[in-house]
1. Pick out the one residue from W347, W378 that is in contact (Cβ under 8 Å) with a residue 12 or more places away in the chain and farther than 13 Å from I172 by Cβ.
2. How many residues does the range 218-255 contain that are open to solvent by less than 40 Å² (accessible area, probe 1.4 Å), among the hydrophobic types (A, V, I, L, M, F, W, C) and over 14 Å from the mean Cα position of the chain (by Cα)?
3. What number of residues within the range 56-112 are of a type in the set (F, W, Y), more than 19 Å from Q214 (Cβ to Cβ) and under 27 Å from the mean Cα position of the chain (by Cα)?
4. State all residues of the range 19-56 that are buried (at least 16 other Cβ atoms within 10 Å of the Cβ), among the hydrophobic types (A, V, I, L, M, F, W, C) and either modelled with pLDDT under 95 or over 17 Å from E151 (Cβ atoms) (or both); if no residue qualifies, say none.
5. Test V327 against the stated conditions and say whether it is in contact with a His (Cβ under 7 Å, 6 or more places away or on another chain) and open to solvent by less than 20 Å² (accessible area, probe 1.4 Å).
6. Can you say whether V60 is more than 25 Å from L32 (Cβ to Cβ), modelled with pLDDT of 95 or more, open to solvent by less than 40 Å² (accessible area, probe 1.4 Å) and hydrophobic (A, V, I, L, M, F, W, C), as far as the supplied structure shows?
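The values are calculated or read from the model by the stated rules, or taken from the named source; none is laboratory data. Predicted model only: the values in this text are computed from it and were never measured. Every residue, glycine as well, gets a Cβ built from its backbone with ideal geometry; the counts of neighbours run over all protein chains shown. The area values use the complete protein model at the heavy-atom level, side chains included, leaving out ligands, DNA and RNA. Shrake-Rupley method; radii C 1.70, N 1.55, O 1.52, S 1.80 Å.
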Amino acid sequence: MIYFLYFAILFLIATSAVLVRNYFEFEGLSDLCYEEKPNSPFVSICIPARNEEAVIDRCVKSALKQDYENFEVLVLDDNSTDGTTEILEQFSGIIANLKHLKGAPKPDNWLGKPWACHQLSQQAKGDILVFIDADVWLEPNAIPNAAKSLESFDAITVWPQQKLVSFWEQMIVPLIYFALLTLLPTKYVERTPRWLPGPFKSTLDPKFVAGCGQFFAFNRNTYDSIQGHEGVRMKVVEDMELARTLKKDSFKLKMYHGLDSVKCRMYTNHADIWSGFQKNFLAGFGNLFEFIFMGIMHLIVFLFPVYTLIVGLLTNHNFLTWLSVTVLLLVILQRLLLNITFKWSIWTAFLHPFSVFWYQVLGLSCILKKAFGIKTNWKGRKV
């Protein structure tokens, strides 16, 4: 037991170094300062929408209120069965630079979101294409600052400021950012790690990448060069595949956080969180081996110390107790830094092991569904 705790401490020291580095190096989109130019590139804000009646109003209104002159907003109604269509029809009749598109039936060899985004790209006129999800809303600085960044980069992706309201949102959603910012130095998304040996750079460099489909923007030429969403037509986690393709093809990708510029509320209840994460949790890993390996690592680092703490207290084993407390304190400190950075509730940092346990159950469920060929139902479609 002691050796597992030693390993956990070494792992947490290493990931803490990554997290602290990201605290200083991970730039915000709002940190940029755009200045209007006479010939600013035309921007197309592309929004795929399927059964989004609860959020589409806020998303579209925020997209239309940008401090930028030269843009259009396109919303593709992907065969919605709720009130999304009626809401969009009310908008499109009175707003000139808003286009309400009717989605074509999805072909069998496409997944829903890539198909919707592909159709949007076909209708968009912009020199810059910005894809945002319907549960995202933008501050007025988002599009101008994105345009400024795309003067230097071929594509950018933004991790929104997640708005967490319910108990389960606060428990589950932050772990996406926790994994990202403790395992990946964000600078390596835009440049190759200098310490990578030369012969391995072409193979390993695309591993140092991440993308967030909630906000992904491209210069049009770059998007066309990688075949856009057509190139990821059957990928559940299409954003990660787009990011990998960009880096593999030597395009310059920049990653930002969305504090004070891009905001999102992904889910509002536990049922939606479970279904939403179940459809893409396993797909987000390179393969099943990596998925199981990371699951075991999380068991050792985040859950095993809870067990050893209980054992230490029950057996009066002081060294085991204090070693377990040390591990758990490191975990809590990491979460506290993350929560403070993204303006989330502090108290969830102390429940981090319980959040990890939830993901362990989710992971087991994903493996069983894959083994039995069971697909997840998401917005009326099997994924």
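1. Values: W347 fails: in contact (Cβ under 8 Å) with a residue 12 or more places away in the chain.
When all the criteria are applied, what remains is W378.
2. Of the residues in the range 218-255, 5 are open to solvent by less than 40 Å² (accessible area, probe 1.4 Å), among the hydrophobic types (A, V, I, L, M, F, W, C) and over 14 Å from the mean Cα position of the chain (by Cα).
3. Filtering the range 56-112 for residues of a type in the set (F, W, Y) gives 68, 71, 91, 110.
Next, from what is left, pick out any that are more than 19 Å from Q214 (Cβ to Cβ): 68, 91, 110.
If we keep only those that are under 27 Å from the mean Cα position of the chain (by Cα) as well, we get 68, 110.
Count: 2.
4. L19, F26, L32, I45, C46, I47, A49, V55, I56 - these are the residues of the range 19-56 that are buried (at least 16 other Cβ atoms within 10 Å of the Cβ), among the hydrophobic types (A, V, I, L, M, F, W, C) and either modelled with pLDDT under 95 or over 17 Å from E151 (Cβ atoms) (or both).
5. Working: in contact with a His (Cβ under 7 Å, 6 or more places away or on another chain): no; open to solvent by less than 20 Å² (accessible area, probe 1.4 Å): yes.
Answer is no for this residue.
6. Values: more than 25 Å from L32 (Cβ to Cβ): no; modelled with pLDDT of 95 or more: yes; open to solvent by less than 40 Å² (accessible area, probe 1.4 Å): yes; hydrophobic (A, V, I, L, M, F, W, C): yes.
No.
Let's see how each residue does on (1) open to solvent by 10 Å² or more (accessible area, probe 1.4 Å); (2) part of a strand (DSSP E or B); (3) out of contact with any Leu (no Cβ under 7 Å at 6 or more places or on another chain):
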{"residue": "V130", "(1), (2), (3)": "no, yes, yes"}
{"residue": "N145", "(1), (2), (3)": "no, no, no"}
{"residue": "V165", "(1), (2), (3)": "yes, no, yes"}
{"residue": "W168", "(1), (2), (3)": "yes, no, yes"}
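Per-residue answers, yes or no, for (1) under 15 Å from the mean Cα position of the chain (by Cα); (2) open to solvent by less than 50 Å² (accessible area, probe 1.4 Å):
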position	(1), (2)
K263	yes, yes
F277	yes, yes
F281	yes, yes
M294	no, yes
I310	no, no
T315	no, no
